[in-house]
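Contents: one structure, followed by commentary.
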Ligand SMILES: O=C(O)C1=C[C@@H](OP(=O)(O)O)[C@@H](O)[C@H](O)C1
Ligand SMILES: C=C(OP(=O)(O)O)C(=O)O
């Protein structure tokens with residue numbers, strides 16, 4: 001396990017880009033693989049999770065050429081029917097998005113397949129996927145009756161029926177899996193959610209020529225539709241930019257411009273949260289790229305106040321909550337983060353990992369059933385912490401290390417390769 005040691009940072013200044021959006025990169029490969037024709041993807045995220053998605057679809061016989069240096073992926077899709085039975089295990093590594101979306105595709109295929117991943121994936125809940133897919137008629141086996149990986153799909157005669165499903169928790173992964181199964185089902189499939197989760201699947205399916213009806217928090221597709229290949233330009237990942245937005249908001253005198261970031265409204269909760277805390281964040285050069293809103297984001301250091309982060313905001317910043325908790329330790333007054341019990345089911349239990357380690361650094365933070373209560377501002381003091389093999393935890397504590405006195409050592413810092421391979425290099429560049 002490698003480690004990184006951080007000390008209090010000088011002002012972060014400059015103009016940079018962040019790697020491609022992870023959610024959109026996964027979808028571009030999957031939808032390209034099940035479409036007819038050649039899809040060229042530019043700006044693909046060269047992270048471990050997205051590379052697992054490429055490898056899984058290659059194992060199903062899809063011709064995928066990946067030029068890592070250029071960030072270009074060329075996929076020659078032969079339609080859903082063109083996927084072949086994989087002769088090996090479909091290994092998703094650490095990636096929840098890969099396994100959950102892929103199961104929506106596999107559920108309707110006539111062949112045998114098994115999907116599994118690393119130790120963290122083995123602990124993450126899969127019933128949220130296997131239950132609705134079974135109610136569409138899919139045959140699925142899995143550890144503890146399909147609650148955990150490995151998950152096996154026996155194949156054979158597999159006729160799926162459309163369903164009308166209300167999501168018990170806001171989850172774009174579950175919504176997407178059901179829609180992908182819905183494309184292979186008889187009749188109409190509708191997914192309803194209380195709060196809107198990221199809508200990259202809806203947007204990209206439409207861009208690939210599918211009819212997707214969206215009305216409020218309800219999305220429907222009809223079965224029997226096929227996708228047509230199209231080129232995809234992937235914007236920078238706002239979830240990666242979030243670490244820099246957080247750092248620049250709290251490190252004295254910082255000012256950054258992060259270019260070409262995806263600012264889909266279902267993903268910009270971190271901006272709304274920082275603004276609610278009194279932060280200084282603006283969008284410039286707003287435009288649309290492959291059906292997704294994109295902008296340059298300008299952020300400046302500002303004195304922050306505590307705020308309540310809850311309800312419909314939560315799915316819009318779910319992956320940003322650990323670093324937002326770090327920011328909240330520097331805000332004046334109380335920050336309450338609630339309705340975020342989903343944090344317990346990510347790569348690690350992010351409520352526990354964040355609370356335990358921020359306390360070690362001297363923060364006043366209390367874990368609750370569905371979030372945190374943080375009192376600020378408190379000076380942080382460096383300590384030895386761990387990524388818990390979770391990229392978001394490792395990077396959040398790296399940002400904490402930039403504002404703590406003394407040294408903060410992050411063990412397992414290599415976890416950042418999952419979503420932001422050049423994270424440490426980028427931080428060093430900005431504080432030179
Ligand atoms: O659909 C996606 O690309 C993702 C959805 C979210 O997960 P849930 O669907 O479990 O909320 C998010 O945490 C994950 O990083 C990516
Ligand atoms: C939860 C995450 O990803 P996944 O569910 O794809 O593992 C994440 O990137 O923070």
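State yes or no: is residue 40 more than 30 Å from residue 246 (Cβ to Cβ) and part of a strand (DSSP E or B)? Yes, satisfied. Residues that are farther than 27 Å from residue 341 by Cα and modelled with pLDDT under 95 do not occur anywhere in the stretch 129-143. For the stretch 400-415, enumerate the residues that are in a helix (DSSP H, G or I) and more than 15 Å from ligand 2 (Cβ to nearest atom). Residues satisfying the conditions are 400, 401, 402, 403, 413, 414. Considering (1) more than 16 Å from ligand 1 (Cβ to nearest atom); (2) buried (at least 24 other Cβ atoms within 10 Å of the Cβ); (3) assigned to a helix (DSSP H, G or I), the lone condition that residue 55 does not fulfil carries the number (2). Of the residues making up the stretch 105-137, those that are part of a loop (DSSP other than H, G, I, E, B), in contact with a helix residue (DSSP H, G or I) (Cβ under 7 Å, 6 or more places away or on another chain) and more than 12 Å from ligand 1 (Cβ to nearest atom) are 107, 108, 117, 136.
Just one of the listed residues (356, 344) is within 16 Å of ligand 1 (Cβ to nearest atom), surrounded by fewer than 17 Cβ atoms within 10 Å (Cβ to Cβ) and either within 30 Å of residue 92 (Cβ to Cβ) or under 19 Å from the mean Cα position of the chain (by Cα) (or both), namely 344. Residue 396 meets the conditions (1) part of a loop (DSSP other than H, G, I, E, B); (2) within 12 Å of ligand 2 (Cβ to nearest atom) in every case but one. The failed one is (1). Scanning the stretch 295-317 for residues that are touching a helix residue (DSSP H, G or I) at 6+ places or on another chain (Cβ under 6 Å) and within 25 Å of residue 171 (Cβ to Cβ), which turns out surrounded by the most Cβ atoms within 10 Å (Cβ to Cβ)? The selected residue is 309. Taking the stretch 179-203 as the range and being away from ligand 2 (no atom under 16 Å from the Cβ), over 15 Å from residue 315 (Cα atoms) and touching a residue at least 40 places away in the same chain (Cβ under 8 Å) as the test, the residues that pass are 179, 181, 182, 183, 184, 185, 189, 203.
All but one of (1) away from ligand 2 (no atom under 16 Å from the Cβ); (2) touching a strand residue (DSSP E or B) at 6+ places or on another chain (Cβ under 8 Å); (3) more than 20 Å from residue 203 (Cα to Cα) hold for residue 131; which doesn't? Answer for residue 131: the failing condition is (2).
Take residue 257 and tell me if it is closer than 18 Å to residue 18 by Cβ and touching a strand residue (DSSP E or B) at 6+ places or on another chain (Cβ under 7 Å).
yes
When the residues of the stretch 416-431 are filtered to those that are buried (at least 20 other Cβ atoms within 10 Å of the Cβ) and in a loop (DSSP other than H, G, I, E, B), the one that is farthest from ligand 1 (Cβ to nearest atom) is 420. Of the helices (runs of 4 or more DSSP H) lying entirely inside the stretch 138-254, those carrying at least 1 residues that are within 12 Å of ligand 1 (Cβ to nearest atom), more than 30 Å from residue 304 (Cα to Cα) and outside the structural domain of residue 303 (by TED's automatic domain parsing) are 172-182, 200-207.
State all residues of the stretch 338-355 that are within 12 Å of ligand 2 (Cβ to nearest atom) and either in the same structural domain as residue 118 (by TED's automatic domain parsing) or within 19 Å of residue 398 (Cβ to Cβ) (or both); if no residue qualifies, say none. Once the filter is applied, which keeps residues that are within 12 Å of ligand 2 (Cβ to nearest atom) and either in the same structural domain as residue 118 (by TED's automatic domain parsing) or within 19 Å of residue 398 (Cβ to Cβ) (or both), the stretch 338-355 yields 343, 346, 347, 348, 350.
Among all positions in the stretch 313-331, there is at least one residue which is away from ligand 2 (no atom under 16 Å from the Cβ), assigned to a helix (DSSP H, G or I) and in contact with a strand residue (DSSP E or B) (Cβ under 8 Å, 6 or more places away or on another chain). Of all residues in the stretch 105-128, those being within 10 Å of ligand 2 (Cβ to nearest atom) and either buried (at least 22 other Cβ atoms within 10 Å of the Cβ) or under 13 Å from residue 152 (Cα atoms) (or both) number 2.
Of 264, 260, all but one fail to be within 16 Å of ligand 2 (Cβ to nearest atom), in contact (Cβ under 8 Å) with a residue 60 or more places away in the chain and outside any helix (DSSP H, G or I); the exception is 264. Mind listing whichever residues of the stretch 87-104 are within 16 Å of ligand 2 (Cβ to nearest atom), closer than 26 Å to residue 417 by Cβ and either in a loop (DSSP other than H, G, I, E, B) or in contact (Cβ under 8 Å) with a residue 60 or more places away in the chain (or both)? Residues satisfying the conditions are 92, 93, 94, 95, 96, 97, 98, 100, 101, 102, 103.
The values are calculated or read from the model by the stated rules, or taken from the named source; none is laboratory data. As the structure is a computational prediction, the values presented were derived from the model and not from experiment. Methodologically, a virtual Cβ is constructed for each residue, glycine included, from the backbone with ideal geometry; neighbour enumeration extends over all protein chains shown.
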